[in-house]
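Report on the following structure.
Nothing in this text is a laboratory measurement; each read-out follows from the coordinates by a stated rule. Predicted, not measured: the structure shown is a model, and the values here were computed from it. Cβ atoms come from the backbone with ideal geometry, glycine included; neighbour counts cover every protein chain shown.
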Amino acid sequence: MDTFTQNINSVLKASINKSMSYAAYRSLMSELVENKSTTGLDKSENLVGYTALNEQRMKRWDKTLKVSAEDQVKISAFKEDVTWLVLTESWCGDAAHVIPVINKVAELNPNIDLKLVLRDENDELMQLFLTNGGKSIPKLIMIDNLSGEVLNTFGPRPTGATHLIEAYIKEHGGITEELKELLQGWYNKDKGQNTIADLLIVLGVS
């Protein structure tokens with residue numbers, strides 16, 4: 001094993017050791033809202049507000065998200081023993097829409113162990129899994145529990161949302177409030193189905 005691979009394995013193990021379950025993350029979100037706070041290094045009023053909004057979004061998705069019978073069969077067919085290590089923060093809008101879907105899929109297969117870590121507390125890990133040079137979240141890292149090898153990644157957004165943003169920026173030159181509203185509308189209309197489809201590809205069972 002070369003030094004670079006050893007370093008990645010070491011960072012992954014350290015992050016997993018301080019990770020939390022989805023239930024623990026949801027409890028943390030509730031506590032943050034109650035205390036008018038947020039995760040991350042920036043405790044600004046804006047991000048505190050986003051955390052409160054995201055708590056409501058996640059609560060809604062936890063209750064309403066549906067996985068089709070066909071997709072449930074595909075998810076159950078996955079036989080490898082893996083950890084899904086996900087980088088997130090409570091203020092992240094994409095995470096609020098995507099992580100409940102990740103959790104729902106993980107719940108459908110006992111071979112998938114979902115663990116969450118906070119981006120700003122795990123910068124060494126984040127630096128290994130940048131998106132176009134940026135610390136975009138949520139970021140899912142699929143790790144083989146036997147070999148420690150990274151098998152695949154997903155994030156920060158489902159493919160449809162990514163295409164929406166790329167097309168908008170190409171036409172308008174940047175991110176605006178209008179784009180944020182369009183993205184929110186896209187997530188609400190999609191109801192997590194694009195994320196499920198992308199996760200099936202990550203698992204290799206699509």
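Using only Cα atoms, figure out Rg for the chain and give it as a multiple of 2.2 N^0.38 Å.
1.01
Ordered by the count of other Cβ atoms within 10 Å of each Cβ, fewest first, 36, 115 give 36, 115. Which pairs, out of 59/79; 59/139; 18/139, put more than 22 Å between their alpha-carbon atoms? Over 22 Å Cα-Cα: 59/79. Separation of segment 150-206 and segment 12-82, taken as the distance between their Cα centroids, equals 17 angstrom. Placing unit charges on the Cβ atoms of the charged side chains and taking the dipole of the chain about its Cα centre, the candidate lying farthest along the positive direction among 138, 78, 117 is 78.
Exceeding 26 Å between C-alpha atoms, which entries from my cross-link table qualify? They are 13/191; 36/170; 74/180; 135/170. Pairs exceeding the cut-off: 13/191; 36/170; 74/180. Ordered by the count of other Cβ atoms within 10 Å of each Cβ, fewest first, 135, 74 give 135, 74. Panel order for 198, 120, 190, by other beta carbons found within 10 Å of each beta carbon, from fewest to most: 120, 190, 198.
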